[in-house]
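What follows is calculated from the coordinates using simple rules that are stated; it is not laboratory data. Worth saying up front: this structure is predicted, and the values here are computed from it rather than measured. No Cβ is skipped: glycine too gets one built from the backbone with ideal geometry, and neighbour counts run over all protein chains shown.
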Amino acid sequence: MYVLATLYIALGFGALAALATMILRIGALLGDCPQSRATARAASVTIATGFSAIGAGGVILIGAALPLLAEAPLAGFLGALGFAALCLGLGFTQAVGTLRALMQDAAAKA
């Protein structure tokens, strides 16, 4: 059970780090325009930080349920990992949508 819990934590936080990095890269790509560079960088850092904080809490909360599934440890591990990936993916979609909306507002003001 300890091996599966450790593997879950590594994979969950690895996915979280990868998605947060993608948010920062998307913000850097959106910041190619000189008029919106500051907005894109500030927004992407802020959004990535919030995503990381909420995502880390979600990964920990889902991981806390692993001992409750001790009767079928592999099924519990796979279910928890799938649920964490689903939640992180939905959070990533919301984060990128927020970043896009902020960039549209900045472009409209400029």
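I want the local charge near Leu102. Using Cβ-Cβ distances under 14 Å, sum +1 for each Lys or Arg and -1 for each Asp or Glu among the other residues.
Numbers: positive: Arg37, Arg41, Arg100, Lys109; negative: Asp105.
Residues close to Leu102 contribute a combined charge of +3.
With N set to the residue count of the range 2-104, report its C-alpha Rg divided by 2.2 N^0.38 Å to two decimal places.
The range 2-104 yields a ratio of 1.26.
Taking the helices alone, the chain has a mean residue ellipticity at 222 nm of -31000 deg cm²/dmol, built from -39,500 (n - 2.57) per DSSP H run of at least 4 residues and averaged over all its residues. Taking Cα atoms only, the orientation of helix 37-64 departs from the longest principal axis of the chain by about 10 degrees.
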